[in-house]
Amino acid sequence: MTELHDLLPAWPLTPDGLFWIGLALAAAALCGEFARLALKLPRIVGYAAAGLVAGALSRPLMDAGMLAQTRILIEMALALTLFELGNRLSLHWLRANRWLVLTSALEGLLTWCLTVWALRAIDVAAPVAAVAGAIAVSTSPTVLLQLKNELRAEGQVTERLLLLGGLNSIYASALVPLTIGWFEGEYGHWGIALAYPLYLLAGSAALAWLAGKAGHALYRRMTGDDHYAFLALVGMVLLTLALARLFKLSVPLTLLLAGVVFKHQDHRPRVWPAHFGSAGSILIVVMIVSLGLPLQASDWAIGGAAAAALVLARRAAKLAGALALGPLSGLSMRKNLALGLSLGPMSGLAWLLMDDTVASFPQTHTLLAAVILCALAIEHIVAPTLFAISLRWVGEARHDNGR
Amino acid sequence: MPLEPFVASEALTFGIELELQLVNRHDYDLAPASADLLRQLRKRKFPGEIKPEITDSMIEIATGICRSHDEALQQLGQIRDCMSKAATALHIGICGGGTHPFQQWSRRTISNSPRYRFLSDLYGYLAKQFTVFGQHVHLGCPNPDDALYLLHALSRYVPHFIALAASSPFVQGVDTRFDSARLNSISAFPMSGRAPFVLTWDAFAAYFEKMRATGVIESMKDCYWDIRPKPEFGTIEVRVMDTPLTVERAAVIAAYIQALGRWLLLERPFAPAEDDYLVYTFNRFQACRFGLAGEYADPASGDRVPLAGHILQTVRTLAPHAGALGSESALERVQETARTRNTDAQWVRAAQDQTRNLHEVVRCGCERWAQPAQTNDGSDKR
């Protein structure tokens, strides 16, 4: 016979992960509004701050399993934004304005070289410096798109940010496996050193090509660019994510390239709700908050200095890259300055690349994770702030901050 | 600012101004790109002028002083090609059309110039709703009294100009069922519509001073009339046309106005009268709403005839003048358009019917704008 105490909750109450995620989301929303109204900053700064505070305060309540559960949410949010950014990357523009290709290449190369040099200068081990440098090349697609939408930014700087951000995310996604292959070579595992990057790059490109083609074939059969048609696209993006995971391919590279392939199937503009609608926006908030949760005080002790060096070197390189060739590509110096200052966001993509590296090359675990988590904490606050200031300065963002 | 003296200009010379749309290449919404485009054009050589407009998603091109249709077409073609090259490097599109089919006026930003800031403060949301795109044709007049005669005589033909250039059926994503919905945005301004009926410059100056004394206007720039005198250029400015989708059609319409001007100035076939304006608003509405399928109430006879038929009849009258001006081919195009009723508004609607996607319609509009006429489908002679 059922007793009354079987029907009532057991004491003490043990809320599950959903409870904490819900609580963190509510707190993040409040912090986001506070950032917007009181500080005139983008909401994303509030979300990130909520994640960092929640991570610090709830450390005793969280275990590794709970943090691992957030990975799939981060990957889903990333998949949608990577595909969206890939879909905005225009090869026609790159063909028409070769200076943009050179600007992007210079910016990416400078960032990698300068960050590796800075990290080596403070005695960070070569493998960690090389991977961290490769990760630093990328600009967060999620934060770029979130800020563009929230600030209703539009104009030449915004368009170039999305273009350069898409390209450097592709470089970073390709550089990281190549660097891991190089480590394996250093250890004498030449078979793995050659086969692993080759499998990852060729496999990701092949899956992207298939997904882009299939997505286009599916989408063009829908009656119009409406909410129902884009649901099919969401399904296709998540399926591609699942396949990339199944075949252990590079999730960012696959999704970015799939977006590029999808876009270039025909000239017809494909328009769907920004961030794939409200569901996508919620996933992004979850992602930003989740990335603050794992950071501990010990991480600052281990990787704080290296993270600061990485952030400074990365920012100097991106600014120099934009300023060096930008004027030749048809942008005023003022706008190039804004572009260089806005290329800083680091977020889910950097975390995912770090997590993949740690999984394949555990020797780098402690230091690499600490450096990237600390760098994320810094750039989650600094990058959106600088982005908003820069874009308002050149008149591309609304001063009402998304109201 | 007092009324400027009317500068004499060579009769029947003309200039064309076109307000153009700047769009992004992602979803083809309007893009705030005029400053970047102007910067890109700084070192390039082209005839005429390219300048910013009230919102930073608009740009205005103007030819120099032209004497013939061919000259105008050549200048416009050169400006178009130069702009297209610059726009490609910036990944923006340029297109004609009296309205952008789906832009939301509230998202527009006013250009950073004192005049436009003043207009924005004065007119509130009307200034942003003024994100519409027109073709203006200046016609040279040897003296101010001829200018006023021509202004009022040409008023009878305003429906012709509207219907031939109509290219704005969509506003804010909706088919308005007008061929030219653009003029509805302009009607909200206090000094819009027809000019006051005065036939001498002294009488016009007296009217202007009275209005200035009331504070309603400060200069001629505050008068948004369908046709207005432009004393500093020595011209009258016909302002009722939508920007067509191609420079070819823009040049044809200007040549039609030039031929009409020649006929009116040389033959003085009728004397303008205040009563001409009794049917003005009706005719204007018919042309905006139905385009070439509209009706035309003849102010002289009071008869109601098909507008397209009235245009065909006028073209026949103008034949010797077109011959003298070297614009026979342009008038043939007018004739063909009136006969087939193949206007830009029809093209926009057909593109929407075919694609069911206004973003795609704007993309096709950009392609149409950028391509020289000879590379287009031979059946479509614009």
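Assorted remarks:
- For B:LEU139, net neighbour charge (Lys/Arg +1, Asp/Glu -1) across residues whose Cβ lies under 10 Å away: +1
- Counting only other chain Cβ atoms within 10 Å of each residue's Cβ, the peptide A:93-100 averages 3.
- Based on DSSP H segments of at least four residues, each scored -39500 (n - 2.57), the protein assembly as shown has a per-residue ellipticity at 222 nm of -20000 deg cm²/dmol.
- Chymotrypsin sites (Phe, Trp or Tyr not before Pro) restricted to DSSP loop in segment B:197-284 with at most 14 other C-beta within 10 Å: B:PHE270
- Cross-link table A:LYS213/B:LYS43; A:LYS40/B:LYS221; B:LYS43/B:LYS221; A:LYS335/B:LYS230; B:LYS45/B:LYS230; A:LYS40/A:LYS213, entries beyond 32 Å C-alpha to C-alpha: A:LYS213/B:LYS43; A:LYS40/B:LYS221; A:LYS335/B:LYS230; A:LYS40/A:LYS213
- Long-range tail of P(r) for chain B (Cα pairs > 32 Å, %): 28 percent
- Per-bin percent of Cα-Cα distances, chain A [20 Å]: 28, 59, 12, 1, 0
- Per residue, the convex hull volume that the Cα atoms of segment B:275-376 enclose (Å³): 133 Å³
- Sequence-separation-based contact order of segment B:219-323, relative, with Cα cut under 8 Å and 6+ spacing, percent: 16 percent
- Unit charges at the beta carbon, dipole of chain A: most positive-side option, A:ILE180, A:LEU57, A:ILE389: A:ILE389
- Size estimate for the protein assembly as shown follows the Kirkwood approach: the inverse of mean 1/r over distinct Cα pairs works out to 29.2 Å.
- When each of B:GLU10, A:GLU154 is scored by the number of other beta-carbon atoms lying within 10 Å, the sequence from fewest to most is B:GLU10, A:GLU154.
- Ranked list, fewest to most other Cβ atoms within 10 Å of each Cβ, for A:HIS267, B:HIS310: A:HIS267, B:HIS310
- Each of A:HIS264, B:HIS160, B:HIS321 has some number of other Cβ atoms within 10 Å of its Cβ, and from fewest to most they run A:HIS264, B:HIS321, B:HIS160.
- Using alpha carbons only: equivalent-ellipsoid semi-axes of segment A:246-403, gyration tensor based, whole Å: 28, 23, 18
- Normalised alpha carbon radius of gyration of segment B:1-154 [divisor 2.2 N^0.38 Å]: 1.15
We did not get these values from a lab; they are worked out from the coordinates using the rules stated. Just so we're clear, the structure is a prediction, and the values are computed from it rather than from any experiment. Glycine gets a Cβ as well: all are built from the backbone with ideal geometry, and neighbour counts include every protein chain shown.
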